[in-house]
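The values are calculated or read from the model by the stated rules, or taken from the named source; none is laboratory data. In this text, all values refer to a predicted model and were calculated from it rather than measured experimentally. Reconstructed Cβ throughout: ideal geometry from the backbone, glycine too, with neighbour counts over all protein chains shown.
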């Protein structure tokens with residue numbers, strides 16, 4: 001693996017470059033969403049009893065515990081960022097928007113955790129997959145995954161745009 005590539009684990013510049021790409025994509029998608037007028041009729045679907053707590057435990061055991069099943073290299077390949085950057089973004093989002101925290105609904109049913117919601121947003125970006133690709137792993141519906149993705153984009157733009165969404169300099173252009 002080359003040390004100067006944008007996905008290199010030793011390159012802080014690579015993470016900043018990736019953050020800029022994500023922020024730019026998020027801004028474009030949000031602008032397109034605002035322009036679209038949806039004519040879909042939303043109806044209630046049958047509720048599927050999902051093991052959200054078990055899915056959270058599996059996610060933590062696989063990636064975020066003190067001795068995770070998958071090492072830092074696999075984490076970087078699957079999320080396209082370091083674990084440290086992922087947790088920093090997740091913590092910032094949880095502090096900025098209560099949506100990204102664990103909440104209970106009106107029936108007292110447990111919601112999704114910060115890690116589950118951020119994973120639901122970041123993994124489809126990393127792999128370029130559809131919203132329900134992680135349904136079995138995260139125990140999250142396509143609609144909830146899509147909401148996580150849109151809120152992730154909006155909040156990441158609000159949180160980091162002043163620092164990272166700027167005109168590219170000569171170095172940035174050369175990297176592209």
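A few points about this structure:
- Restricting the stretch 13-35 to residues that are surrounded by fewer than 16 Cβ atoms within 10 Å (Cβ to Cβ), more than 14 Å from the chain's Cα centre (by Cα) and within 23 Å of residue 87 (Cβ to Cβ) leaves a set whose member that is modelled with the lowest pLDDT is 13.
- In the stretch 126-142, the residues that are closer than 23 Å to residue 53 by Cβ and in a helix (DSSP H, G or I): 135, 136, 137, 138, 142
- Residues that are surrounded by 11 or more Cβ atoms within 10 Å (Cβ to Cβ) and either touching a helix residue (DSSP H, G or I) at 6+ places or on another chain (Cβ under 9 Å) or in a loop (DSSP other than H, G, I, E, B) (or both) within the stretch 48-61 comprise 50, 51, 52, 55, 56, 58, 59, 60, listed in sequence order.
- Top-ranked residue of the stretch 85-125 - restricted to ones that are in contact (Cβ under 8 Å) with a residue 60 or more places away in the chain and part of a helix (DSSP H, G or I), ranked as farthest from residue 160 (Cα to Cα): 116
- One residue stands out among those in the stretch 111-142 that are over 13 Å from the mean Cα position of the chain (by Cα) and buried (at least 16 other Cβ atoms within 10 Å of the Cβ): the one that is nearest to residue 94 (Cα to Cα), which is 112.
- The stretch 143-159 - residue that is within 18 Å of residue 50 (Cβ to Cβ) and buried (at least 19 other Cβ atoms within 10 Å of the Cβ) and, of those, nearest to the chain's Cα centre (by Cα): 148
- For residue 153, the criteria (1) at pLDDT below 90; (2) over 18 Å from residue 58 (Cα atoms) hold in every case but one, which is (1).
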